[in-house]
Structures are given as C-alpha cells and as structure tokens.
Amino acid sequence: MSADDEFPLGWVRVCATSELLPGEIQVTWDGDTPIMVVNLDGELHALEDRCTHEDFELSAGPLDGDQIECTLHGARFDLRSGEALCAPAYAPVRKFPVRVADGAVWTRDDR
Ligand code: FES
C-alpha cells in the first residue's frame, strides 16, 4: 500500500478525481462494505453498493438523472438521499461520507 492509499487516515481511496466524471460511478471496498461513488454533475455521493431488496450490486444498474435502477428487479433509489423510490425495495441504501483530497476521491464506512 502506498502513502497515497493511507491518507487521510481511516479513509479509503476510490480513484483519481479525473476518473470520476459527471455521470460516472466508481466502486471501492472498505473492509467488507462495497461502496459506490457517483458523480452527479459535480456532486459526489457515496452509497453502499447493495440493493436493499436482495443485496444485488446497485452500481450495475443504469443512472437516470439523480436515480439509479437495480438491474435485478427494477427497484429505484435516490442517489442524493439513498431513499428507495419504488418496490420491491422499501429500505433506504446506506449513505457514506465522501471527500476530495490530493486529487483523489475518498470515502469510508463510518458505521
Ligand atoms: S435485488 Fe434490487 S430490486 Fe431486487
């Protein structure tokens, strides 16, 4: 692990900021937690990369504005709040902090 991967302490490096352009998603892991970070027109949002219906990877789904659709059964989630917008998912997706430092995007599982 390089020094870049360790700073800031306790945060996980997702990617360089140049690798997460508007409309793009990057995925990383913090321990056992998959975290997807999405760029919504310059706003970065980090959410657990697990659909709350059956734990499928949400990042496989298409983005539609500020929403993402789970490709397995079609549940939709608000990327800003994590809120489930339609069945078959009812529980929100967990959100995580995200920040930019040293030209990179960082997140962490803060539970
Ligand atoms: S696993 Fe996502 S809608 Fe069923």
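The values are calculated or read from the model by the stated rules, or taken from the named source; none is laboratory data. None of these values were measured; they are calculated from a predicted model. Counting neighbours? That spans all protein chains shown, and the Cβs are built from the backbone with ideal geometry, glycine included. To get the accessible areas, we keep the full protein, side chains included, count just its heavy atoms, and leave off ligands, DNA and RNA. Shrake-Rupley method; radii C 1.70, N 1.55, O 1.52, S 1.80 Å.
Looking at D32, D49, which is the one that is open to solvent by less than 20 Å² (accessible area, probe 1.4 Å), acidic (D, E), more than 10 Å from the ligand (Cβ to nearest atom) and under 25 Å from L9 (Cα atoms)?
On the way: D32 fails: open to solvent by less than 20 Å² (accessible area, probe 1.4 Å).
That would be D49, the only listed residue that is open to solvent by less than 20 Å² (accessible area, probe 1.4 Å), acidic (D, E), more than 10 Å from the ligand (Cβ to nearest atom) and under 25 Å from L9 (Cα atoms).
Between G82, G74, G42, the distinction of being at positive phi, touching a residue at least 12 places away in the same chain (Cβ under 8 Å) and buried (at least 17 other Cβ atoms within 10 Å of the Cβ) belongs to G82 only.
Does any residue of region 65-76 turn out to be away from the ligand (no atom under 14 Å from the Cβ) and either over 16 Å from V37 (Cα atoms) or under 12 Å from the mean Cα position of the chain (by Cα) (or both)? Walk me through how you get there before you give the answer.
Keep residues of region 65-76 that are away from the ligand (no atom under 14 Å from the Cβ), which gives 65-66.
Next cut, either over 16 Å from V37 (Cα atoms) or under 12 Å from the mean Cα position of the chain (by Cα) (or both) only: none.
No: zero hits.
Residues that are of a type in the set (D, E) and open to solvent by 60 Å² or more (accessible area, probe 1.4 Å) within region 52-71 comprise E54, D55, E57, D64, E69, listed in sequence order.
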